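Remarks on the structure that follows.
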Amino acid sequence: MMKGLSNSRSAFTLVEMMLVVAILAVLATLAVNRCLRVAQTAKVTRAEADLQTIRSAFIEPEQGYLHDLSGIPGFSPAYLRTGNLFVATNVFGTAVVGRNAYGTETRAVRVDEGGEATCLAEGRALPAAFISWDEARQRGWRGPYLKDATGFFPSRDAVRFRDDTSFAARGFFPALTHLRLPQAFKEPARASIYGFVGEPTLLDPWGNPYVVQIPPPQAFSDVTNVSEAARFAYARVVSAGPDGILSTPCFGANTTNFWGATGWSERRRRLARQAGLIDGSDRSARGDDLVLFFSRTDVDEGVSD
């Protein structure tokens, strides 16, 4: 009898087996979650490195895109896109076309191949291609400034995977009807302010294009006379981050920020200029976006223009 009792106690009961299975399931879940966190951290690290690479390609002092093209008549940095780094590039400029009682009037222009700025009817801008690098002038396009594009700028209805939300719904095609911008950027079937559909671009680790944000005139107190240099002082390159939603405020309507066509408050102007900063530490308006400014620190300096 004693021997039989000993054998019965050495066997696992159903409750004990269920407990072991539960423990193993918890351990497996913890291991999977840890792996996912490690993978996500690696993606964030890669995205941060990409942001640095894009910024350098634009502002490298000796052979960057902006160094090479600055000084060409009509050239404007206000409409940069990551696609500019890969193709003999489409850019837009502004030119003074007259003066009146309200000050200087400017219109969008295109830059001809010869480097001359030409105003177009109704101030609408068309894409223009620069000539190749001119050694004598030390100006012109000598790209590509990044060697390998990793994708193409999507259409507004495109998705990354089945059952994904469209790029338009995630903020990559913000409403621009109320902004003073070249007409080409207001044709959502072929372009976003962040890129022309189908042009080469860089994709972040979550399958979204990196975008260059330059606040519109409405983000400044003196809307009518704000300079492009003032706007470009707040230029930044942005990744939509792990959730894929481009939350960082800049233009009128994204999925997470909208302030209508007119009457931007100073708080909203500041959000657009400072990439969603309300003060030196509050980045909540950006969601999980990754933001890197071209030429300023990432703090709210309280500057109005």
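The values are calculated or read from the model by the stated rules, or taken from the named source; none is laboratory data. Just so we're clear, the structure is a prediction, and the values are computed from it rather than from any experiment. Here the Cβ is made from the backbone with ideal geometry for all residues, glycine too, and neighbour counts use every protein chain on show.
What the table shows:
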quantity	calculated
Checking Phe258 against (1) among the aromatic types (Phe, Trp, Tyr); (2) over 22 Å from Thr45 (Cβ atoms); (3) at pLDDT 90 or above, the condition it does not meet	(3)
From the options Ala168, Ala158, residue that is over 16 Å from Asp289 (Cβ atoms), part of a loop (DSSP other than H, G, I, E, B), hydrophobic (A, V, I, L, M, F, W, C) and within 16 Å of the chain's Cα centre (by Cα)	Ala168
Residue count, region 29-70 (criterion: hydrophobic (A, V, I, L, M, F, W, C) and exposed (fewer than 13 other Cβ atoms within 10 Å of the Cβ))	9
Any chance Ile72 is outside any loop (DSSP other than H, G, I, E, B) and of a type in the set (A, V, I, L, M)	no
Those residues of region 203-225 which are in a loop (DSSP other than H, G, I, E, B) and at pLDDT below 95, in sequence order	Ile214, Pro215, Pro216, Phe220, Ser221, Asp222, Val223, Thr224, Asn225
Among (1) in contact (Cβ under 8 Å) with a residue 40 or more places away in the chain; (2) out of contact with any strand residue (DSSP E or B) (no Cβ under 8 Å at 6 or more places or on another chain); (3) of a type in the set (S, T, N, Q) - the single one Thr29 does not satisfy	(1)
Qualifying residues in region 181-202 (those that are at pLDDT below 85 and not in a helix (DSSP H, G or I)) - the one surrounded by the fewest Cβ atoms within 10 Å (Cβ to Cβ)	Glu187
Residue list for region 264-305, restricted to those being among the polar types (S, T, N, Q) and within 20 Å of Ser239 (Cβ to Cβ)	Gln274, Ser284, Ser295, Thr297
Among the residues listed as Arg37, Arg46, the single one being within 15 Å of Pro242 (Cα to Cα) and free of Cβ contacts under 8 Å to residues at least 60 places away in the same chain	Arg37
Members of region 270-294 found to be in a loop (DSSP other than H, G, I, E, B) and surrounded by fewer than 13 Cβ atoms within 10 Å (Cβ to Cβ), listed by number	Asp279, Ser281, Asp282
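Conditions (1) small (Gly, Ala, Ser); (2) at pLDDT 80 or above, marked per residue:
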site: Ile23; (1), (2): no, yes
site: Ala39; (1), (2): yes, no
site: Arg55; (1), (2): no, yes
site: Ile59; (1), (2): no, yes
site: Gly64; (1), (2): yes, yes
site: Leu69; (1), (2): no, yes
site: Ile72; (1), (2): no, no
site: Phe75; (1), (2): no, no
site: Leu85; (1), (2): no, yes
